[in-house]
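For reference, the structure discussed in these notes is given below.
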Amino acid sequence: MRILVSGGAGFIGSHTCVELLNQGYDVTLFDDFSNSSEEVVSKIKEITGKDLKCFKCDMKDKKALEKVFKKDKYDALIHFAGYKAVGESVAKPLMYYENNLFGSVNLFELCKKYEVNKIIFSSSATVYGLSENMPLKEDAPLSVTNPYGRTKLIIEGILEDMAKAEKQFSIVVLRYFNPIGAHESGLIGEDPNGIPNNLMPRLLDVVRGKAGCLMVYGGDYPTPDGTGVRDYIHVTDLAEGHICALRYAFSGFTGIDAFNLGCGRGVSVLELINTFEKVNNVKINYKIVDRRPGDVAENYADVSKAKSILGFTAEKTVEDMCRDSYRFCMKKENMK
Ligand code: UD1
């Protein structure tokens, strides 16, 4: 079975390619490498000892994309490609709409034309907006607070309309909570270009001396220690969630269904920092500062639907996430 993976060189895409190859799927990935590197592809091969096909392709360029579709018959698409920085999306909304929306429409049109009827879409818990009813269930009201989030919500809507109009599709939407960690080999992990926005990459910048101090946004939230609570999930668990979603798509189900992928447990910023310090025997210089606008106090998933329908449960602990993130970061530092 051959799976087409858009954005397959990115953080979650690359770990999913590893899992797909390990489980015997044939993989073709394409990426525009705007926020990833071609080196990742050789790391995927090194980890798995298997080959995969790779194309450099911008999904906005429909002609180039069609060439990828003509190369092989794909049984499913896993769609990761997209810009994902919240702050950048606020500053450059049209760039986000052009890339994430037009690119996705091109891809879906080609899926229809070439009869790629199983689609797994990489969505985000960002589609729950500022909801305060925790844990979040898939049927919670959806809303967005920034253009990046809006692209995720619009793409979910496009897929819903497609599933209604074309009965041959089996579409699985995966709403990720906070993916961190790295492959245990230390060969692939999160490696954003420029200044990162998210907590773990920022923490790693402090550890390796690229930043002096980690700003902890808010110490006065109504949470046990006053800092923000999130549902962190190890990226290799997340990758496994995509395999479960693929199996579901091939199980005879048609239409569209959405699932939360998280651990179902809230972890505070300070808890994450303390765990990181303990398992890696390092000290993190941090300072509690004002809240970041747009952040909520708590965000964690109800994971019962993914467990009962997909048979998916995240297994790795916060300790594993901290250890693996650190290993990847140090390995990269040492290679410089
Ligand atoms: C953020 C995005 C979300 C997106 C997700 C993708 C915002 C407001 N939300 O989620 O839309 O889907 O990334 O991965 O940008 N924190 C610090 N110091 C930092 C960075 C973060 O204290 O330097 C805190 C935050 O306040 C939060 C927690 O760490 O409590 C996690 O933050 P982050 O990793 O940015 O993820 P989210 O805000 O949950």
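The numbers here are math on the coordinates, done by the rules we state, and not lab data. Quick caveat, the model's predicted, so the values are computed rather than measured. Methodologically, a virtual Cβ is constructed for each residue, glycine included, from the backbone with ideal geometry; neighbour enumeration extends over all protein chains shown.
Got a sec? Which residues in the range 210-242 would a label at Met335 touch, if it sits 7 Å along Cα→Cβ and we count backbone N under 20 Å? Zone members listed by number: 210, 235-236. Here the range 234-306 and the range 121-171 have alpha carbon centers that stand 17 Å from each other. Annotation for the range 227-336: GluC sites (Glu not before Pro) lying in DSSP loop with at most 15 further Cβ atoms inside 10 Å of their Cβ are Glu315. Near Tyr176, the amide H atoms lying under 5 Å from its own belong to Ser123, Ser124, Ala125, Leu261; only residues 5 or more places off or on other chains count, and H is placed 1.01 Å from N. Just checking the listed ones, Gly262, Gly157, Gly209: in the Gaussian network model of the chain with Cα springs under 10 Å, the one fluctuating most is Gly209. Residues whose amide H lies under 5 Å from that of Ile120, counting only those 5 or more places away or on a different chain, are Leu77, Ile78, His79, Val172; hydrogens are built 1.01 Å from N in the peptide plane.
Build a GNM of the chain with springs between Cα atoms under 10 Å apart, and of Tyr83, Tyr148, Tyr232 the one that fluctuates most is Tyr83.
Here the contact order of the range 23-119, divided by its residue count and restricted to Cα pairs under 8 Å and six or more residues apart, works out to 30 percent.
Backbone phi angles across the range 80-89, fed through the Karplus curve with coefficients 6.51, -1.76 and 1.60 (θ = phi - 60°), yield HN-Hα couplings of 9, 4, x, 6, 9, 8, 4, x, 4, 5 Hz in residue order; Gly and Pro are listed as x.
When the charge dipole of the chain is built from unit charges on Cβ atoms (+1 for Lys and Arg, -1 for Asp and Glu) and taken about the Cα centre, the candidate among Val68, Thr145, Val27 whose Cα reaches farthest toward its positive end is Val68. Here the 3J(HN,Hα) profile of the range 123-135, calculated from phi with Karplus coefficients 6.51, -1.76 and 1.60 at θ = phi - 60°, is 9, 8, 5, 4, 6, 8, x, 9, 3, 10, 8, 9, x Hz, Gly and Pro shown as x. 3J(HN,Hα) along the range 106-114, derived from phi through the Karplus expression 6.51 cos²θ - 1.76 cosθ + 1.60 where θ = phi - 60°, amounts to 4, 4, 5, 4, 6, 4, 5, 4, 9 Hz, with x in place of Gly and Pro. Helical runs (DSSP H, four residues minimum) scored at -39500 (n - 2.57) apiece and divided by the length of the chain put the mean residue ellipticity at 222 nm at -11500 deg cm²/dmol.
Helix 62-71 and the long axis of the chain differ in direction by around 70°, with both axes built from C-alpha atoms. Footprinting exposure proxy ranking of Ser122, Ser104, Ser42, fewest other C-beta atoms within 10 angstrom first, gives Ser42, Ser104, Ser122.
Enter the angle in degrees (range 0 to 90, nearest 10) between the Cα long axis of helix 318-335 and the first principal axis of the Cα atoms of the chain, meaning the one along which they spread out most. Once rounded, one gets 80 degrees.
For the listed residue pairs Lys73/Lys316; Lys283/Lys331; Lys60/Lys331; Lys152/Lys305, the alpha carbons are over 29 angstrom apart in Lys73/Lys316; Lys60/Lys331.
Inter-label distance, Ile309 to Glu38: 4.0 nm, where each label sits 7 Å from its Cα along the C-beta direction.
From largest to smallest, the equivalent ellipsoid semi-axes obtained for the range 1-113 from the alpha-carbon gyration tensor read 23, 17, 11 Å.
Helix 235-249 and the longest principal axis of the Cα set of the chain meet at an angle near 30°. The ranking of His183, His242 by Cβ neighbour count inside 10 Å, starting from the fewest, reads His183, His242. Spin-label model, Asp161 to Asp139: label points 7 Å out along the Cα-to-beta-carbon direction sit 2.5 nm apart.
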